[in-house]
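Colleague: Can you read through this structure? Questions will come right after.
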């Protein structure tokens, strides 16, 4: 079912699916490593992926599997879903092998891992080192067992490997396990709880259907969606809503519960909806999207506001300091929006992908590619010693995020464009090339730091569609040196009709600094603004303030318009935003968390008053220098608030 | 060691202790049930305590103990510290038996429970149904076992019972267990982890020392403090700071970790500091107090900002919606401040007791006394259906709070006054009488709803000290009809010297409505104010708004000064605050959580504009009517902010 030349991209709909856009092959897009997205891919290849591979050994992920070959005394290490770290890594390796035809040690590593998986897989197809290691029976703990979650990641790795390298070894392993699951939990299962506590397998099963043409996988995914919401998973320690098991998926109207679960589930719903043309699912998806993006999305694109259960929280409950905004939730949101984009063609979904990619996801990895955030707050306060407690870590006991980053970044090109050799749409802007059939596009841009996107086309291309981002006002378009209409259509794209041949199209997206107010119902952000330029959200970091001036005392003076500034070399260049600020010391205040207004002394009376130049860096680059406080949302000085 | 007539009050220092104030006997103060505090005691007696006793049966607390008498097949129910529910209840029964000399069925219930405890106690003195039921060994899990926590509550119950009723049966049980603990974990123990993961036993051991004169108990409490901070408790799933095991207690400067643990620990530190005159502990206590009350206290007196680990959070991290503010933390803060008050005589501690009593603690129980909050947020948003998810419950799986409330309220009189028949200080104002030796004080007041406190004295009293609350400006004093100096001393108390005989002292505390600003560093509350009158914090509830006007759209207009209003009968009278508001609809806004300031439409353009009369009710009375949104901190209308 690989329907295009080259390596089929993730989530490519089948020929019969209800969709608007058709992905290009993964290998159609090559991102230029001297610019933002390509540079990130390069860091991912050179540093993140090797780092992830190393940690599969040091954290016991591989030993968990090896012990199944006769070393039962070796204890299982890590969470029950530890195998998925390996699967996501194998998927990342596959995409890298497709992307850059260059022999690397990870090719042999992948072969060995696949051979190991094939050896330890049970005769009936079951594969899961936690259950197998203790001689357990499958499918006994649908709520917490994560067995279907493991199957999902195994399928995705197997499909990626076959698409990318032609090697069907891992896919055979995955299909044996998938077939076992279809038998036990498929459409004909009598079990009312035949669905997983952590959604992920649904989207993977549809991918397997798309890759193999076997309808049983699609029907199983659909059945698992249909059953969900009965509460059959039970509860404890969290409520059924945590598992999105409180309401039928077609009745869901509010994004709720564990954010990664909700977003993976939504991705699976979108896949099933596309392949079965299911209007009920689409209605639910639209409502979930409005709920998630309209009321529960941090400005960085991150989602999830509660640490206790890693959940969304209530509408407009968006605390910057306690934002959970798990990296995997950001990646899941990216993946869900990709599916929504394919189905609808609406630019708001590509806008959401861009927003979370350049902010929520990019912030999760250090500039050197070897340290990671799993939780991505929008504010960190300094401790008593002036340093912030939050910094990226080498690894996590629950390490779902680093390999998830690796697989996403390695496949990033797949999400940049869609179409055919006659009609191409650009969704994510990055310097590089697009080759599809006889058509070639060379994209020159310093996006997201600069809004000029120059596309040189050659070949039989008849139409180039360019996304006009939702953040942009007054975009201009030039085709072969002449101004062209730049107003986007209802879908948010501007279209340049072209005759076959060679053309130069220049889309210019003005990038002033946007001052963002929080929605009035976001209580946690009242009285603050965020700075955004293009798709990039900025933040203040203690490292940019003079000694002795705590970030907590900074207020922004909006009478002076914030303006673009130069990049910072140690932060991989990029850009900054410059603004004017006021320091408001609080040393003169009584030690109390609430102060009578009638007796409140004026702020900054004598201590550290005065003006200060502020430099904001991209949120994606925070915590790459000395530890210290950080904040995205900056209090507006009361005395000088906007007129 | 009962050194005063009547029933010795909790935490009464020994004759050699370093302290400024001396508690009165518990029975010296009788609160009038027709006014606030006495009415609460009456509800506690008639409804809360019987409700708590019923639940000891229905939740298996008693069965957990009964099964130790030959029914090992009965499963243990509840958390490992379930026995403490019984101990706190027995303590509450004891205080009620002392307080009201009237035969109640709970006297027999208590006798039976004590007999049961005596029968199932192990020969070596060990008592703990969770460990005993599974034949476990004591002291194997200092981090999570809660064995010393159980011992602490058992001691407090045993002491209370002997003091209140003269029956030494429960105290004998407690001492046998305490002696076992002293042997195993006392000063001579070689174990470096000879202290509990959940502090509580420290204050109880000092109480036992005070009651029995046996120094081994005091030395054991001191040793447990001395050892703490080594990290020997280990970690997982939380860091050592969760257990206050990250720093030596004398080195502690920041209130941190699990709030109830920190506050019980501080109470124990204060007791040991008083009995051993320990300057190092006092220095730490002062720093902890400043940290807790200056940077981590919700305006209701509640403490704890994080649900995940029930912890304090960072300084100024005070989210109203996700405030944890556990009821037990409020009670622990009350208890700690009582000990600090006795040690220092400084009114700020009584202010803190009053604040948390009338707000954080009072809100934890319904008007009918039979429903409870364990978590006490300062804001609840309405769900999609207009009702709020948060409401008080009959009981909790972890039911530490309801019996803790019962024992506190039953002993409330003990905290109202200190002194001798010649010198009395009033700390908590409530209608009632104080009888000490030949001195009688009759207190007439409608406090906290009215600031007039009239004290009629008779007897050899030579000085009456009255607290002038920190919230009060322009207090006036009248002695026998003549104006007297009302400026409080450095300790916050105004003193009336009296000749033996009969006098009438009237303290008038003006109670305008205070508009409180949050401290500028409290990010979560920026742009809002709270309304307080006297010690009482008020809140807006959806039930007081017209249909169709969501609380989320309400802004307060501070150009009109908020003013006192009449009480609401269905909420046990009390008082209200009336204010002017503006409704700011958000229907015209784009569905996004962040909006460019430059393109933001004006609020309330056409939808639900206009002014509205606001009625705020005491926070302590919220969630006693229809479910719905609630908020203590009210956004100030931007357009009409203070000049």
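Colleague: Considering region A:313-324 alone, what residues qualify as being in contact (Cβ under 8 Å) with a residue 24 or more places away in the chain and at the interface with chain B (Cβ under 10 Å from one of its Cβ atoms)?
Modeller: Correct list: A:315, A:316, A:317, A:318, A:319, A:320, A:321, A:322, A:324.
Colleague: Return the residues of region A:149-190 that are more than 20 Å from residue A:26 (Cβ to Cβ) and free of Cβ contacts under 8 Å to residues at least 12 places away in the same chain; say none if nothing qualifies.
Modeller: Across region A:149-190, the qualifying residues are A:183, A:188, A:190.
Colleague: Then there's this: Looking at B:9, B:110, which is the one that is modelled with pLDDT under 95 and more than 30 Å from residue B:569 (Cβ to Cβ)?
Modeller: One residue alone meets the criteria, B:9.
Colleague: Here is a further query. Could you tell me whether any residue of region A:206-229 is surrounded by fewer than 23 Cβ atoms within 10 Å (Cβ to Cβ), within 21 Å of residue A:313 (Cα to Cα) and assigned by TED's automatic domain parsing to the domain that holds residue A:266?
Modeller: Yes: region A:206-229 contains one or more residues that are surrounded by fewer than 23 Cβ atoms within 10 Å (Cβ to Cβ), within 21 Å of residue A:313 (Cα to Cα) and assigned by TED's automatic domain parsing to the domain that holds residue A:266.
Colleague: Just one of A:347, A:291 is away from every other protein chain (no Cβ under 14 Å) and either at pLDDT 95 or above or within 27 Å of residue B:523 (Cα to Cα) (or both); which is it?
Modeller: A:347
Colleague: All but one of (1) free of Cβ contacts under 8 Å to residues at least 40 places away in the same chain; (2) surrounded by 21 or more Cβ atoms within 10 Å (Cβ to Cβ); (3) within 20 Å of residue A:352 (Cβ to Cβ) hold for residue A:289, so report the exception by its number.
Modeller: (1)
Colleague: Among the residues that make up region A:267-286, is at least one of them touching a residue at least 40 places away in the same chain (Cβ under 8 Å), assigned to a loop (DSSP other than H, G, I, E, B) and within 11 Å of chain B (Cβ to nearest Cβ)?
Modeller: no
Colleague: Quick check, is residue B:260 buried (at least 22 other Cβ atoms within 10 Å of the Cβ) and either in contact (Cβ under 8 Å) with a residue 60 or more places away in the chain or in contact with a strand residue (DSSP E or B) (Cβ under 7 Å, 6 or more places away or on another chain) (or both)?
Modeller: It is true that residue B:260 is buried (at least 22 other Cβ atoms within 10 Å of the Cβ) and either in contact (Cβ under 8 Å) with a residue 60 or more places away in the chain or in contact with a strand residue (DSSP E or B) (Cβ under 7 Å, 6 or more places away or on another chain) (or both).
Colleague: Still on this structure: Using the structure shown, decide if residue A:487 is outside the structural domain of residue A:293 (by TED's automatic domain parsing) and either buried (at least 22 other Cβ atoms within 10 Å of the Cβ) or over 26 Å from the mean Cα position of the chain (by Cα) (or both).
Modeller: Taking the combined requirement at face value, the residue satisfies it.
Conditions (1) farther than 24 Å from residue B:450 by Cα; (2) at pLDDT below 95; (3) away from every other protein chain (no Cβ under 14 Å), marked per residue:
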| position | (1), (2), (3) |
| --- | --- |
| B:351 | no, no, no |
| B:359 | no, no, no |
| B:364 | no, no, yes |
| B:367 | no, no, yes |
| B:389 | yes, yes, no |
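Colleague: Tally the residues that are in a loop (DSSP other than H, G, I, E, B) and without any contact (Cβ under 8 Å) to a residue 24 or more places away in the chain, restricting the search to region B:199-223.
Modeller: So the answer is 1.
Colleague: Moving to a separate point now. For region A:325-332, state whether one or more residues are within 14 Å of chain B (Cβ to nearest Cβ) and part of a loop (DSSP other than H, G, I, E, B).
Modeller: So far as region A:325-332 goes, yes, one or more of its residues are within 14 Å of chain B (Cβ to nearest Cβ) and part of a loop (DSSP other than H, G, I, E, B).
Colleague: Scanning region B:6-20 for residues that are surrounded by fewer than 20 Cβ atoms within 10 Å (Cβ to Cβ) and touching a helix residue (DSSP H, G or I) at 6+ places or on another chain (Cβ under 8 Å), which turns out nearest to residue B:425 (Cα to Cα)?
Modeller: Per the criteria, the residue is B:20.
Colleague: So which of A:136, A:196 is crowded, with 19+ Cβ neighbours inside 10 Å and in a loop (DSSP other than H, G, I, E, B)?
Modeller: A:196
Colleague: Ok, one more. Applying the selection to region A:64-94, what residues are assigned to a helix (DSSP H, G or I), farther than 21 Å from residue A:9 by Cβ and under 27 Å from the mean Cα position of the chain (by Cα)?
Modeller: Residues satisfying the conditions are A:83, A:84, A:85, A:86.
Colleague: State the number of residues belonging to region B:493-521 that are within 14 Å of chain A (Cβ to nearest Cβ) and touching a residue at least 60 places away in the same chain (Cβ under 8 Å).
Modeller: Counting residues in region B:493-521 that are within 14 Å of chain A (Cβ to nearest Cβ) and touching a residue at least 60 places away in the same chain (Cβ under 8 Å) gives 6.
Colleague: Determine if region B:295-305 includes at least one residue that is assigned to a helix (DSSP H, G or I) and within 25 Å of residue B:350 (Cβ to Cβ).
Modeller: Yes, there is a match, as at least one residue in region B:295-305 is assigned to a helix (DSSP H, G or I) and within 25 Å of residue B:350 (Cβ to Cβ).
Colleague: Okay, moving on. Is there a residue being within 15 Å of the chain's Cα centre (by Cα), in the same structural domain as residue B:79 (by TED's automatic domain parsing) and part of a helix (DSSP H, G or I) anywhere in region B:370-379?
Modeller: Within region B:370-379, not a single residue is within 15 Å of the chain's Cα centre (by Cα), in the same structural domain as residue B:79 (by TED's automatic domain parsing) and part of a helix (DSSP H, G or I).
Colleague: Does region A:599-606 include one or more residues that are modelled with pLDDT of 80 or more and either surrounded by 15 or more Cβ atoms within 10 Å (Cβ to Cβ) or over 41 Å from the mean Cα position of the chain (by Cα) (or both)?
Modeller: Checking region A:599-606: not a single residue is modelled with pLDDT of 80 or more and either surrounded by 15 or more Cβ atoms within 10 Å (Cβ to Cβ) or over 41 Å from the mean Cα position of the chain (by Cα) (or both).
Colleague: Grab the strands (runs of 3 or more DSSP E) fully contained in region B:522-628, keeping just those with 1 or more residues being within 11 Å of another protein chain (Cβ to nearest Cβ).
Modeller: Strands (runs of 3 or more DSSP E) meeting the threshold: B:528-533, B:536-541, B:554-556, B:594-596.
Colleague: Take the conditions buried (at least 24 other Cβ atoms within 10 Å of the Cβ), touching a residue at least 60 places away in the same chain (Cβ under 8 Å) and either outside the structural domain of residue B:207 (by TED's automatic domain parsing) or on the phi > 0 side of the Ramachandran plot (or both) and apply them to residue B:146. Does it pass?
Modeller: Spelling it out, residue B:146 is indeed buried (at least 24 other Cβ atoms within 10 Å of the Cβ), touching a residue at least 60 places away in the same chain (Cβ under 8 Å) and either outside the structural domain of residue B:207 (by TED's automatic domain parsing) or on the phi > 0 side of the Ramachandran plot (or both).
Colleague: Here is a further query. So if I check each of B:448, B:488, B:403, which one is part of a helix (DSSP H, G or I) and in contact with a helix residue (DSSP H, G or I) (Cβ under 8 Å, 6 or more places away or on another chain)?
Modeller: B:403
Colleague: When region A:301-312 is examined, which residues are found to be facing chain B (nearest Cβ under 10 Å) and either surrounded by fewer than 24 Cβ atoms within 10 Å (Cβ to Cβ) or touching a residue at least 24 places away in the same chain (Cβ under 8 Å) (or both)?
Modeller: Those that are facing chain B (nearest Cβ under 10 Å) and either surrounded by fewer than 24 Cβ atoms within 10 Å (Cβ to Cβ) or touching a residue at least 24 places away in the same chain (Cβ under 8 Å) (or both): A:306, A:307, A:308, A:309, A:310.
Colleague: How about region A:95-133: which of its residues are within 25 Å of the chain's Cα centre (by Cα) and within 16 Å of residue A:175 (Cβ to Cβ)?
Modeller: If the condition is that a residue be within 25 Å of the chain's Cα centre (by Cα) and within 16 Å of residue A:175 (Cβ to Cβ), then no residue fits.
The values are calculated or read from the model by the stated rules, or taken from the named source; none is laboratory data. As the structure is a prediction and not an experimental result, all values here were calculated from the model. Note that we place each Cβ from the backbone using ideal geometry, even for glycine, and neighbour counts take in every protein chain shown.
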